[in-house]
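A.B. asks: Please find one structure pasted underneath; my questions will follow.
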Amino acid sequence: MPGPTKAIMALATGLSFLSTREAEVVKCAGEALLGVPRKELGDDFVAAFDRVAAGLEDFLRSDLHKLMLLLNVVTLGRFTRMEVSRRERLLTGWGHSRMPLLRTSFVTLRALCGWSWYSLRKSWPELEFPGETIGREHELPTLLFGKSPWTPPGSKPDARLPWLTPEEKIG
């Protein structure tokens, strides 16, 4: 009896683009490219990568599947079984390769890993990102480090700017 189809595996894993094996390759690539341990990347990183990849054009999705296969089969040993330092050397070598296809593969994989990781809330503290801003406009500092918006010298305060304090009003 043949193994489970990709559609059944997608239902089981919640992934719409990546297979289970490809998900492991993505975690290993993320670990090598981002310097974040696989366990910390977690399933939400793979899910974010899957969402981005599923939204690509058909020909790009096909190429991405081929890249996952290349990483896990054609290299000198399976990518998922390599030490992190060896994965880093392999991918860095692709990034500096004289072959445009390998450089493009490296840039694509690095961009997808970066986008997927930094779109997750758990990576925001590392960036010192304050979080979602919609609905929090008045809590966040302005360009003047938390002070009211600046009124240029010589301009008359406007009644339409009620947030200016009397000290800030010119005139």
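A.B. asks: Modelled label-to-label distance, Leu69 and Leu56, 7 Å Cα→beta-carbon offset: nm?
C.D. replies: 1.4
A.B. asks: Can you tell me how the stretch 6-127 classifies by the Cα gyration tensor, rounded, prolate or oblate, using a/c under 1.5 as the rounded cut?
C.D. replies: rounded
Every number in this text was worked out from the coordinates using simple rules, so none of it is lab data. Computed from a predicted model, the values in this text were never measured in an experiment. Here the Cβ is made from the backbone with ideal geometry for all residues, glycine too, and neighbour counts use every protein chain on show.
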